[in-house]
1. Here's a check for you: in the range 115-135, which residue that is over 19 Å from LEU297 (Cβ atoms) and assigned to a helix (DSSP H, G or I) is modelled with the highest pLDDT?
2. Can you pull out every residue in the range 242-279 that is charged (D, E, K, R) and at pLDDT below 85?
3. Residues of the range 97-114 being open to solvent by less than 50 Å² (accessible area, probe 1.4 Å) and either modelled with pLDDT of 90 or more or closer than 26 Å to LEU287 by Cα (or both), which ones?
4. Has the range 62-74 got at least one residue that is farther than 30 Å from HIS182 by Cβ and surrounded by fewer than 19 Cβ atoms within 10 Å (Cβ to Cβ)?
5. So if I check each of ILE64, ILE68, which one is in contact with a His (Cβ under 7 Å, 6 or more places away or on another chain) and part of a helix (DSSP H, G or I)?
6. State the number of residues belonging to the range 83-114 that are without any contact (Cβ under 8 Å) to a residue 40 or more places away in the chain and part of a helix (DSSP H, G or I).
7. Might you check whether a residue that is within 14 Å of VAL75 (Cα to Cα) and open to solvent by 30 Å² or more (accessible area, probe 1.4 Å) occurs anywhere in the range 194-205?
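The values are calculated or read from the model by the stated rules, or taken from the named source; none is laboratory data. It should be emphasised that the depicted structure is a prediction, and the values quoted were computed from it without experimental measurement. A quick note on method: Cβ atoms are made from the backbone with ideal geometry, for glycine too, and the neighbour counts reach across all protein chains shown. We work out accessible area using only protein heavy atoms, side chains counted, and drop any ligands, DNA or RNA first. Shrake-Rupley method; radii C 1.70, N 1.55, O 1.52, S 1.80 Å.
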Amino acid sequence: MGRGVGAGGGGGGGRGPHPPRPYAGPVTDEPAEETTARPEDPENAERPEARLDRAVRAAEQALIEFEIAVETFRVEVENFSRLHHQKLGPMYARLDELDAQIAEARASLTGDPEDLRKAREARAVVQPMPGVDELFHDWMDTDGISAEAASMLTDQPVRPPKRVRPSEEARRLYRELARKAHPDLAQEEQERARREEFITRVNAAYGRGDEELLRELAEEWAAGPVPEEARPSESEELYARLEWLAQRKELLAVLARELEESAIGSMLRMAPDDPDRLLEEIAEQLLAEVAGREAVLAELVQ
């Protein structure tokens with residue numbers, strides 16, 4: 001799925017033909033003054049490029065906010081998917097194994113060809129036993145064994161799984177850095193490359209929920225070079241910039257729709273404020289299903 005904000009994901013930013021460079025003009029947070037001059041006064045009439053300039057600025061900021069929202073949701077979907085597999089994967093595997101055992105026991109009792117076919121199909125669904133490498137994946141470190149494995153072998157509490165989503169502080173730092181350092185605000189290719197490299201590191205830190213690293217990156221950006229102001233752009237370049245921004249937003253909209261319609265995305269949207277609790281509820285349901293299937297199997301094999 002999408003990669004990070006402005007670092008190759010969400011519409012292929014920065015690779016292939018370069019998009020038209022952004023037009024910046026004088027930077028100000030104040031709204032443009034309304035002209036009170038009469039339309040027939042050519043000296044005080046607003047230039048068409050000024051109106052285009054404001055439109056480009058508004059489109060750039062809207063796109064950045066949209067990318068931030070999509071990337072935030074993508075990270076949450078990715079983390080939720082990882083935790084979903086970690087916590088519920090063994091339960092799903094147990095259910096598949098019980099279904100196969102029930103079908104095989106029933107086929108053994110009846111000898112019916114249809115029951116035998118169903119037993120073969122149920123067994124085919126069960127995942128094969130993992131190999132040694134898979135069993136010990138992430139269990140080995142430089143000392144030969146990971147902290148989780150050591151905890152299990154010494155009967156010590158195992159560390160709880162990571163949070164489904166980064167903390168609120170990490171989210172705040174990420175949004176702030178993305179708005180300040182977004183590659184689409186670069187005026188030159190060299191500056192764009194610097195921003196892309198930086199925002200890639202920001203995305204990686206945010207994906208891990210690393211607050212400390214995000215703070216360090218914020219300090220690094222604050223101490224970095226100030227982008228030079230761009231020279232005024234021609235009307236054709238402004239129109240091309242607007243068109244490119246619109247196309248990029250369409251690509252992001254497709255990515256956002258795919259995330260929302262995915263199985264994990266749909267689950268996450270059911271409990272956006274407390275996804276951990278949603279996992280607990282699903283786990284309770286699966287445990288009940290496991291108990292029910294074990295009871296059915298016990299009746300068949302007794």
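1. ARG117
2. So in the range 242-279, the residues charged (D, E, K, R) come out as 243, 248-250, 257-258, 260-261, 269, 273-274, 276-277.
If the condition is that a residue be charged (D, E, K, R) and at pLDDT below 85, then ARG269, ASP273, ASP274, ASP276, ARG277 are the ones that fit.
3. So in the range 97-114, the residues open to solvent by less than 50 Å² (accessible area, probe 1.4 Å) come out as 97-98, 100, 102-103, 105, 107, 111.
Hits for the range 97-114 are GLU97, LEU98, ALA100, ILE102, ALA103, ALA105, ALA107.
4. So far as the range 62-74 goes, no, none of its residues is farther than 30 Å from HIS182 by Cβ and surrounded by fewer than 19 Cβ atoms within 10 Å (Cβ to Cβ).
5. Only one candidate passes the filter, namely ILE64.
6. Here the count works out to 14.
7. Taking the range 194-205 first, the residues within 14 Å of VAL75 (Cα to Cα) are 200, 202-205.
Of the ones still in play, those that are also open to solvent by 30 Å² or more (accessible area, probe 1.4 Å) are 200, 204.
Scanning the range 194-205 turns up at least one residue that is within 14 Å of VAL75 (Cα to Cα) and open to solvent by 30 Å² or more (accessible area, probe 1.4 Å).
To keep it simple, each residue is scored yes or no on (1) touching a residue at least 24 places away in the same chain (Cβ under 8 Å); (2) within 30 Å of ARG106 (Cβ to Cβ); (3) open to solvent by 30 Å² or more (accessible area, probe 1.4 Å); (4) among the aromatic types (Phe, Trp, Tyr).
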site: MET267; (1), (2), (3), (4): yes, no, yes, no
site: PRO275; (1), (2), (3), (4): yes, no, no, no
site: ALA283; (1), (2), (3), (4): yes, yes, no, no
site: ALA288; (1), (2), (3), (4): no, yes, yes, no
